[in-house]
Number of protein chains: 2
Amino acid sequence: MSGRVTHEMEIGSGPSSRRHTQPSSHIHKVERPPQQNLLTEFQTVIKETFFHDEPLKAFQGQKSHTRFFLVLKAIFPILEWARSYNLEKFRGDLIAGLTIASLCVPQDIAYAKLANLDPQYGLYSSFVPPLIYAFMGSSRDIAIGPVAVVSLLIGTMAQNEIDPKKNALAYRRLVFTATFFAGVTQFALGFFRLGFLIDFLSHAAIVGFMAGAAITIGLQQLKGLLGITNFTKKTDIISVMHSVFGTVHHGWNWQTIVIGLSFLAFLLITKYIAKKYSKLFWVSAIAPLTSVIIATFCVYITRADKEGVAIVQYIKKGINPSSAHEIYWTGDLLLKGFKIGVVAGLIALTEAIAIGRTFAAVKDYNVDGNKEMVAMGTMNIVGSMTSCYVATGSFSRSAVNFMAGCNTAVANIVMSCVVLLTLELITPLFKYTPNAVLASIIIAAVVPLVDIPAAILLWKIDKFDFLACMGAFFGVVFKSVEIGLLIAVAISFAKILLQVTRPRTAVLGRLPGTSVYRNVEQYPNATTVSGILIIRVDSAIYFSNSNYIKERILRWLSNEEEDLKINGRPRIKYLIIEMSPVTDIDTSGIHSFEELHKTLQNRDVKLVLANPGAIVTEKLHASEFTKKTGEDMIFLTVADAIEMLSPRIKELP
Amino acid sequence: MSGRVTHEMEIGSGPSSRRHTQPSSHIHKVERPPQQNLLTEFQTVIKETFFHDEPLKAFQGQKSHTRFFLVLKAIFPILEWARSYNLEKFRGDLIAGLTIASLCVPQDIAYAKLANLDPQYGLYSSFVPPLIYAFMGSSRDIAIGPVAVVSLLIGTMAQNEIDPKKNALAYRRLVFTATFFAGVTQFALGFFRLGFLIDFLSHAAIVGFMAGAAITIGLQQLKGLLGITNFTKKTDIISVMHSVFGTVHHGWNWQTIVIGLSFLAFLLITKYIAKKYSKLFWVSAIAPLTSVIIATFCVYITRADKEGVAIVQYIKKGINPSSAHEIYWTGDLLLKGFKIGVVAGLIALTEAIAIGRTFAAVKDYNVDGNKEMVAMGTMNIVGSMTSCYVATGSFSRSAVNFMAGCNTAVANIVMSCVVLLTLELITPLFKYTPNAVLASIIIAAVVPLVDIPAAILLWKIDKFDFLACMGAFFGVVFKSVEIGLLIAVAISFAKILLQVTRPRTAVLGRLPGTSVYRNVEQYPNATTVSGILIIRVDSAIYFSNSNYIKERILRWLSNEEEDLKINGRPRIKYLIIEMSPVTDIDTSGIHSFEELHKTLQNRDVKLVLANPGAIVTEKLHASEFTKKTGEDMIFLTVADAIEMLSPRIKELP
């Protein structure tokens, strides 16, 4: 029996091995693991599901007053890093803060229009939330404020309920209500450690959703860019195109078009330059403010507003007024605000968490998803009471922040101070700012959201992901933002269902010159063993797939036996199931295995298991399935099983 | 370098090996698999999802008229087996058919009452459906007819819409409508090959649901058993108990109680005997009919009906009248019928498929789930037009059928003929049958549905399954059948979500004396390799878990490094991820791996992959992730990786 030497030869041959002698048998047994206490088992599941990041580890074994400070530090990370803060760090933060402030002021005014709010509400939302985030957030690079997609989302969902022009106060109250519930949703997800739920919006779905939202936002800007007065309230491409071309002969204003297109060209060129020479990132960062200043000056000089160029007119001076009394605490609009808030809160969170993770990976620090959600939630709850609408992390401003050399969240505080000064001092200067330049700022800001290379990569890597991406994209563009989201989530779920109902199985063969068994389709030179069929099951065996797996295994067997019959070779006597990827099995799975065993018995084929994991082994014993197959039919590796069984093949009929 | 000998020693040592010589390197490369055509890829997914059983294989390469006969045979399996049918087989089928007929006649009358229908409708449902099933079904052992749980389900759901006493015709019409849509649902699931959807009702959930339904049914029978006249319409245990004990002083009828309890005792004793001595199965099979005959005779002699013993009174003579015109084709009741039909159809299907599979595994023949659904659907559609309500496979009668030695579906035809004779000739004889004996027949029939050993097994094997089981059970008992179902499905889905969001990871160590790497928690004697951390990820990496996996891996690393620091041992220089169980990765997964790679780079740890599968390898290449890690950092096995890397450990700082 030549196979017997295999492992013995290996003794002492490994790089870090110690010499072992095993006189009687070299075949390792798969032993039944020590039985777990029910409570321990339950605790493990709870821990891995909700507390896998061991959030309480730091508190263990500490005195109670130390613990109190640790809790404070956990809630307000600023207490942690403020102690080591110094002037050098502040220099970086100051420059970064000023840069993002110059970017955010014109964007805020523009985005507020997207949410159908007066311009000052955009500025309000860049004042209070960043301050709160600076104390509670754990990301060092994120720049907080209103963003285009969330503004659009709130704008379209809220105007479906209340007309913002006819009933501005009620509309604004609804927006604050939505902001409040967005904050509550975010806070609750973080507090109850349900942050993983946002992972269900897959990367692919977000790529499609963002691109669709960008197109939608861009199309909405045609109103400002072309100076159209009668514009549809719908966001789908067909209605918008209808609005645009229906007004071509009487609704367009050439002066507006000139302003809009020239500044759009300017902004896009600076964007291109910044992309090409990353050191010149500040060119595109200050371009919007420059555009606003130049455009405002031109309009003021030429009094183009008298020629029909729409201008901002009036921004209320002064900091955020209280709005706690404006939130709907009762009635039908409470429910509507709640619905809008949950959707907007989740989308805002998805964006912020993605940004936080990206920069944390680059600089290698840790962003705690659940803690971030609590911070975001708090800032939006407070925001809803101080006349802000939903704020979150902006990708473009965060990238500028990062490149401008920010070190900590102090950059957000600097930005917040600049916004404060803007509100207190210079809002009257925006009076003659033409809406067209705001439209061009928005368009330039959302262009990078249409991430075509990312879509191409999706296509290359995973067709199903591409489908989800396209579904979200076309849903948003042709129908509405909500429909696009719904499609994306549905396709993502379909993928999960497919995964859990139709796991893969593979026939294994031995790689020549090794004792390694691999998928014969992936490694065509792998050879099968006469009289033995080896099948690997690539998934946990649960009720959702147990029957499929059973039938699939039997079908592999039947096909193999047909082949063997045609070639006149001996029949299959052992069916080895490689269980390494089978991480768990439930009662339906055990049930299916019992049926499989029964069927195989009828066909005179022996069922052999290789390398079941701890949990599976435990369950196979608990269900007494091992007694049916025989304990000796469970091996540590396929190689062990083959070695033991192949000499017996010839003895069997 | 002692490790180099490992595989070379193995050459020629395997049981079925051929001698290979590999002069340059013995480390196998994980090569990029040949790229798949998009169409092929798409076809593979569709095939594995919907046609994994290769239903069209038999038709390939046949002439068109042969193909026609094959299609006919596929639709009517009777054409297949009828040719080899002989007298000997008929003998078995005749005995089995007569046995199940004696069991089904009294059950049918009783179950019809459970569905709030007149007794003859139960008999109708045992006449037409079994005939149709015999021609179209592929199970040889199943016995078709009304069953207790589905009768209860229809009875409670339909009486929520229409009062069966006040408006018997409308109620009956609703039941036929529900039956029609139950059939349509079943047919559609089979025809569109969506049969796998019923697998989502897990075995555990069914155990709980059935037990709950059995208790509910049993409680309902207290009405008949105790002779209570004013009985609640609700099915939850609290309402029923209230009804029962509220009437204890004036509503109970002692003669009824005597009849009910004595026959219940008789039936349970025969059941016990049959269970103990399986050869005496016929004792319990004919017990219900015997009970009915004796009880009817006793009541007739003593005229106990005048003492308040409720009797059947009247069963309409003659075979099924047409009911096609009674189905609601329009209006509100169409929708309600549809809803009831879908639920009842799915439950009926679940029961029938489970029975079919169980007996098919025992006798080793193949039951095609999708074909079965088409057969069941057809029989219920036809049934709904011939005054039947939803029929399905009955577990108790199928078991009797099997034990009585049935060979083919002819047993169902025999039973059907006996029911025909009953309808035509002897229905008047049931006039004096007391309702109490029917109640005791139902109770005796549902007792085995409370499968306590199965629940104990669930507890032993899988706590989560036990939870689903108990959820379904208590939902049914304390609330209603639908709520119980809903709870069971929700818990089952929660389990799937848990599986796809929180997959397991494990640190691997080398089993002494082998080159096999296994979970150090399962095999405590496995030893880790200095400077290298090996982690196995136990799931496909998808958007739903990619971030968790990344964080979990980093946490393993941090914990390990803390330990090493305490012990003063060298830091981790290589992180090997064992990818064998990673059957697929999507773009979110790739994204997470890129972040992981970036973080590891910052910590000066090299990322190494072992044994990625074909699909994963392809995607790693497509996304150019392999370029980032370096192609040489992907190995066929962990052993290979260790062998190559451990000599380098010392060279690194």
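Every number in this text was worked out from the coordinates using simple rules, so none of it is lab data. Keep in mind that what you see is a predicted model, and the values were worked out from it rather than measured. Cβ: placed from backbone, ideal geometry, glycine included. Neighbour counts: every protein chain shown.
The table below gives the values:
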quantity: Label-point separation, A:Leu87 to B:Leu70 (7 Å along Cα→Cβ), nm; calculated: 8.8 nm
quantity: Pairs beyond 31 Å (Cα-Cα), from A:Lys275/A:Lys316; A:Lys276/A:Lys371; A:Lys47/B:Lys628; A:Lys495/B:Lys371; A:Lys460/B:Lys463; A:Lys113/A:Lys339; calculated: A:Lys275/A:Lys316; A:Lys276/A:Lys371; A:Lys47/B:Lys628; A:Lys460/B:Lys463
quantity: Between segment B:130-202 and segment B:339-368, the Cα center-to-center distance that results, in Å; calculated: 12 Å
quantity: Segment A:503-649, relative contact order in percent, only Cα pairs under 8 angstrom and at least six apart counted; calculated: 22 percent
quantity: Cα centre as origin, Lys/Arg/Asp/Glu Cβ charges: segment A:88-497 dipole, Debye; calculated: 440 debye
quantity: Between helix A:203-226 and chain A: long-axis angle, C-alpha atoms, 0 to 90°, nearest 10; calculated: 20 degrees
quantity: Loop-located chymotrypsin sites (Phe, Trp or Tyr not before Pro) in segment A:319-421 whose Cβ has at most 11 other Cβ within 10 Å (DSSP); calculated: A:Trp329
quantity: 5 angstrom amide H check on B:Ile311, placed H, neighbours 5+ away; calculated: B:Asn435
quantity: Crossing angle, helix B:587-602 versus chain B [Cα axis fit, 0-90 degrees, rounded to tens]; calculated: 30 degrees
quantity: Net +/- balance of residues flanking A:Phe464 in space, Cβ distance below 11 Å, scoring K and R +1, D and E -1; calculated: -3
quantity: 222 nm mean residue ellipticity, helices alone, for the protein assembly as shown (DSSP H n ≥ 4; -39,500 (n - 2.57); rounded to 500); calculated: -19500 deg cm²/dmol
quantity: All-pairs alpha carbon distance profile, segment B:305-396, 5 Å steps from 0, percent; calculated: 2, 11, 15, 17, 14, 13, 11, 8, 5, 2, 1
quantity: Under 15 Å, Cβ to Cβ, from A:Ile487 - net charge with Lys/Arg +1 and Asp/Glu -1; calculated: -1
quantity: Nitroxide proxy distance, nm - points 7 Å out along Cα→Cβ at A:Lys363 and B:Cys417; calculated: 8.7 nm
quantity: Compactness of segment A:88-497, expressed as Rg and Dmax over alpha-carbon positions, Å; calculated: 19.9, 63
quantity: Restricting segment B:504-589 to GluC sites (Glu not before Pro) in coil, as DSSP defines it, with at most 15 other Cβ within 10 Å; calculated: B:Glu521
quantity: Principal-axis tilt of helix A:435-446 within chain A, Cα atoms, nearest 10 degrees; calculated: 20 degrees
quantity: Three-way shape label, the protein assembly as shown, alpha-carbon gyration tensor, a/c 1.5; calculated: oblate
quantity: Gain on full stretching of the segment that runs from A:Phe493 to A:Phe42 - 0.36 nm per residue minus C-alpha separation; calculated: 159.7 nm
quantity: Inverse mean reciprocal Cα-Cα distance (Kirkwood Rh) of segment B:503-649, Å; calculated: 15.3 Å
quantity: Environment charge of A:Pro119, counting only residues whose C-beta is closer than 14 Å and scoring Lys/Arg +1, Asp/Glu -1; calculated: +3
quantity: Beta bridges by DSSP in the protein assembly as shown, antiparallel share as percent, to the nearest 5; calculated: 45 percent
quantity: Ratio of Rg to Rh over segment B:400-478 (Cα coordinates, Kirkwood Rh, two decimals); calculated: 1.16
